[in-house]
Structures are given as C-alpha cells and as structure tokens.
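The values are calculated or read from the model by the stated rules, or taken from the named source; none is laboratory data. Nothing here was measured: the structure is a model prediction, and the numbers come from that model. Using ideal geometry, Cβ is built from the backbone for each residue, glycine included, and neighbour counts are taken over all protein chains shown. Heavy atoms of the whole protein, side chains included, go into the accessibility calculation; ligands, DNA and RNA do not. Shrake-Rupley method; radii C 1.70, N 1.55, O 1.52, S 1.80 Å.
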Number of protein chains: 2
Amino acid sequence: MNELSLISMIRGFSGPQTGDDCAVLPYTRREDLLITTDLMVEDVHFRRANETGVDTGWRTLARGLSDIAAMGGDPKYCLVSLALAPWTCPSYVRDFYRGLTSLGKRHGVTLVGGDITKSVKFTADIVVLGTAPKGRALRRNTAGAGDLVCVSGALGGNAASGFRLKRPEPKLAYGRELLFTRRATACMDLTDGLALDLHRMALASGLTASLFAEKLPLAKQAAIEHALHGGEDYELLFTCRPRRTPLGAHVVGVMETGKAGALKINGRPLEAKGWDPFSA
Amino acid sequence: MNELSLISMIRGFSGPQTGDDCAVLPYTRREDLLITTDLMVEDVHFRRANETGVDTGWRTLARGLSDIAAMGGDPKYCLVSLALAPWTCPSYVRDFYRGLTSLGKRHGVTLVGGDITKSVKFTADIVVLGTAPKGRALRRNTAGAGDLVCVSGALGGNAASGFRLKRPEPKLAYGRELLFTRRATACMDLTDGLALDLHRMALASGLTASLFAEKLPLAKQAAIEHALHGGEDYELLFTCRPRRTPLGAHVVGVMETGKAGALKINGRPLEAKGWDPFSA
C-alpha cells in the first residue's frame, strides 16, 4: 500500500476534482475559495529532538501556505487542530502557536479556529483558506505537450542537509506572479521530490515529462538524487509555453506526448520515487 | 493542564472570536461561511475493537456536522485528513470513507479534499464548511439573563450504554429551525456533557446557569450523572426567551445574573466537569 494507490481509491469517494493542492470552491462573484488541509505528525514529519515548538508551528503553517502558493492563491485564514502527546507541556504549545502565528502575520493570515485533544504522538492538522481570481487558480492537470517544465529555485538543499530547514518560506509571491502574468500553464508545489511530484503533474495532464539532468538547479551540497527524490523543497513546479518563461524560472525539462505520468531523464526512464510516508 | 486552560491560552493567538463551534467568515452578500475542524483519534475518541471503519467514518463527519448544526448552519463541503496506523488495511480505509460519505450524502455534503499520511494511532481530522444567513449564525455568548436553558432531546443515553452509539444523527434540521424561527438566543452542541458545555455557554455569555434536576430529559437507562457529565449526546443546548420555547425543546434551567460560568442545580453549586481528553 503506497500513497498513490490509496489516493486513487479515496478519489472514488470524492466530488469532481483533479487532485490539486487545494480544493477550489465557489466563493464571491470575482473569486474562488481555496482550501487545503495537511497533517504534521511527530516522528513522521518532524522529530522533537531536532526542532523547537516554534519551528514545528512555523512549518505546519508553511505546509498549508505552500499549497495555496501552488494554486497562485492569496491566503486569508487558518485553523489548526492539535493532538498533544504525553510529553507536551504548555510552553511547547505556546511556542507552537508563536511559530505558526509569526509566519501567519508575514502573509496576512489570521488564525480563526481549531480543536485540541490528545494522542500518543504530537499531531497538528492545518487548514488554510485563501482566494484566487474566479476560474484562474493554477492547476496541475493543465500542462500541454511542448510546454517547458520549470522550477522556482534550487532543489535538494533540505534533503542534502538532513532536513535541517526549520523555517521554510512558502513561495506565495511567486505563485501569485505566475497566476497574474498568465505565464504558467500548470503548477503545483514541490514537497515530495521533483521526480514524484512531476510524475503527478504529468499523470494529471496525460503527458510524459522529460528532464535534462544538467539543467537541474542544485542547492549547495545537494546531489542530483536529493533534487529528484529528496523532498521538502518548498519550491514551485510549473510548466509554461516556450518563450514565455517567467523571470527567475529554471527550465529543467519539457512535457511530451506519451504514456501519462511517465518520466525520462536525458532520454532514459526515471522512477517516480520520492518521499512517501508509507515507504519511509 | 486541562482543555479549558489550554484553550484560553491559545485564544490569545487567535483573531477576534467567541469560542463558538465554528469560525464565522465573510462569504457572499447574503451568507456567512462556517468552518470547523475536529480530530478523531484512536484510543481517545474511538476504540478499534468497539466499532467498524464505517462507524468511525460516519462519526468523524457527525462531529463536524454537529458543529454546523450548533450554529444553525447548512453544511456544504468537507475535507478529511487521515493518518493511518500500522494496523490499517485498505479495506478499513474504504469502509471509513463509505461511512463518512454515506452520512455526507444524507445532508448534501460533498467530500472535496484531504491529506493522507501515517502515524502510530489512526487519526482523522474532519473539516466541514457550511453557510448561514449573514450575521445570523447562532452563537454561545449571546444568552441573556432570564432566558430559559433548553436541550433538543434526551441526554446521557450514550454515556449510560458505554458509548455504543455508532451512527449519531447530527441535529442539523433542528439547528436551522432555531435560526430561521429566531427562537434561540444562544446555541451550541452538547459533546462533553451538559455541565461542562453549559458552563462554557454561561461563561461566554457572562451569566450563571441554574438547572432543575427533575426537568432533565434522561435517556433510557441514563442516570442524572450521565446527562450532566457523560458527553457525546449530539443534541443541541440553547437558550430562549420565556414563552418563546420552540417545539420539541426540553426546558432544563434558566440563565441568571451572577458569576460568569457558575452552575447551580436545584440551587446548589454544580461542578463543570465533563468529558475532557486531558483528564480522561
């Protein structure tokens, strides 16, 4: 049982969707409502020994904000449900909320609710609501054959350093820029490694993605393996028409007709492996 | 550390709120958006040996729907984040979604998204979005002195039977009726026992609540202790002006001026104890 097979089973129970980072719901006349929910579980997504409560709170919200960034959206509100582990003390909870709300403030996000209970492991579920201009939220299933595959920044740095990045900056401004300049034909955030996430985009778009190894922007000390299969990069993965590449984009490949979801690197098959909680 | 003291600390980090069952956000010209998030944790909210995946899925959504009912709202969408325990098999996950979506269908609620990961204990976080006529969602901080305290049905049945109620019916129609007929001056749902929940309403409204023991509608086999401190009743607790009692309401007490949050039963002090995950 892996994440992809579970998700495809679950999708059978859901309303019409394309598996985007956020659900898109009707909102005002000019705007759609974006909503995302993400779990942060002790010993799966973080280890208590490696980071402070402030870090974990920050990163919990960053995960949700990155989903809003992926759609080109503007985050507005968040809710957080906590299950406290036996070791959790009030000062840790306070630190967690401090980290979460300090990132929230930088992006105009207000904490409006939540729930609190207990569990064996510290668990946080973050819900973020945002908006996007009506019908224009960036999707992952809209890439076209011949589109260039781009990323918003250097990859693999977090995996190369043993996931030491405590306070990632979700690419909200970059995502909005992609939406407003109409440069991106498809977009998602990079959370589980370029290979697995690009596979998801290619599958949703019914295309094969072909990468150029020498074009991958590697973070300091990162090997190509870290960029392809490491995860937790908090960058955006998107496609654009040739000669419509936005500023700051790194072109790393091209979308082609072929088997939906297949990956190539320098013309050879590439496996869609990355960070999967069920294989970790 | 108990739930009330944690919540008061957390409230310092939140935007302006009154601690209602849902956050109320601006939506369309005529409607507000209601949103609620609730965790369901193995061995805290359910035991695997006592219920099926269908039951747990149903009850997970019922918790969220009950929060919408408490505000007189109309539920529309839900999202669910799952952390699977090592014992979880695909057929359990399928059953969970079956239970959740079958309750959803009865109330016109569409599953629009979620997240999936793993943990030591099976954990589900349910997010429900709904609507209420603008500015009219029922609140818990709006009870007035002299208002009658009412409940929507018999209490204590679930606690008396060892929490055997597998498929509770959230009181959505009743909540909407209270809102549309303008009968309720304040409302919330009964999840942690009448004493603890009434304490919360009285505290939010700055009043003392006085109960009449002989008026409590006890479920079959339930003792007064079950009704006061048992929890998981899925009924509504509300206040109304005298002679404005709605059909089907059981008058159980009266709101009085006095120490905010204080409780009395037949004139004697009553402790605000109920189901608290941190004392259970």
Of the DSSP beta bridges with both residues in the protein assembly as shown, give the percent that are antiparallel, rounding to the nearest 5. 75 percent
So for the stretch B:119-167, using the alpha carbon gyration tensor with a ≥ b ≥ c as root eigenvalues (a/c under 1.5 gives rounded; past that, a/b versus b/c decides prolate or oblate), I'd call it oblate
Give the chain A residue with the shortest beta-carbon distance to the rotation axis relating chain A to chain B, plus that distance as a whole number of Å. A:D125, 2
When you look at the Cβ of every residue in B:22-35, what mean number of other chain Cβ atoms sits within 10 Å? 3
For chain B, built as a Gaussian network whose Cα springs stay under 10 Å, the top-fluctuating residue of B:V254, B:V112, B:V41: B:V112
For residues of B:77-86, the mean tally of beta carbons on other chains within 10 Å: 5
At 222 nm, what helix-only mean residue ellipticity would the protein assembly as shown give, in deg cm²/dmol to the nearest 500, using -39500 (n - 2.57) for each DSSP H run of four or more? -8000 deg cm²/dmol
Quick one: ranking B:F13, A:F163, B:F238 by accessible area, 1.4 Å probe, largest first, what do you get? A:F163, B:F13, B:F238
Classify the stretch B:193-255 from the C-alpha gyration tensor, please: rounded if a/c falls under 1.5, else prolate or oblate depending on whether a/b exceeds b/c. oblate
Relative contact order, percent, of chain A when contacts are C-alpha pairs under 8 Å separated by at least 6 residues? 23 percent
What residue among B:P75, B:P170, B:P217 has the largest mean-square fluctuation in a Gaussian network model of chain B, using Cα springs under 10 Å? B:P217
Cut-off under 16 Å on the C-alpha distance; same-chain residues fewer than 8 positions from B:K171 excluded. Which lysines are left, in chain and number order? B:K76, B:K105
Reported to two decimal places, what Rg/Rh ratio describes the stretch B:113-201 when computed on Cα atoms with Rh from the Kirkwood expression? 1.02
Measure nothing fancy, just the Cα-based angle from helix B:53-70's long axis to the longest principal axis of chain B, in degrees from 0 to 90, nearest 10. 30 degrees
Quick one: with label points 7 Å out along Cα→Cβ, list the inter-copy distances for A:T52 in nm, shortest first? 5.0
Gyration tensor over alpha-carbon atoms, the stretch B:151-280, equivalent ellipsoid semi-axes in Å: 21, 19, 13
Could you state the principal axis extents of the C-alpha atoms in the protein assembly as shown, from the largest down, to the nearest angstrom? 81, 45, 39
Phi-derived 3J(HN,Hα) across the stretch B:169-181 with the Karplus relation (6.51, -1.76, 1.60, θ = phi - 60°), rounded Hz, x for Gly and Pro, is 9, x, 7, 5, 5, 5, x, 4, 4, 4, 5, 6, 8
Convex hull over the Cα atoms of the stretch B:1-62, averaged projected area in nm²? 6.3 nm²
Antiparallel %, DSSP beta bridges [both residues in chain A], to 5: 75 percent
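Based on DSSP, what percent of beta bridges with both residues in the stretch B:1-119 are antiparallel, to the nearest 5? The partial results should precede the final answer.
Details: 4 of 13 bridges.
That works out to approximately 30 percent antiparallel.
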For the stretch B:243-265 and the stretch B:35-72, write down the distance between their C-alpha centroids in whole Å. 28 Å
With a ≥ b ≥ c the root eigenvalues of the C-alpha gyration tensor of chain B, is it rounded (a/c under 1.5), prolate (a/b larger than b/c) or oblate? prolate
Mean other chain Cβ within 10 Å across B:163-175 is 0
Pick from B:G57, B:G206, B:G12 the residue whose mean-square fluctuation is largest in a GNM of chain B, springs joining Cα atoms under 10 Å. B:G12
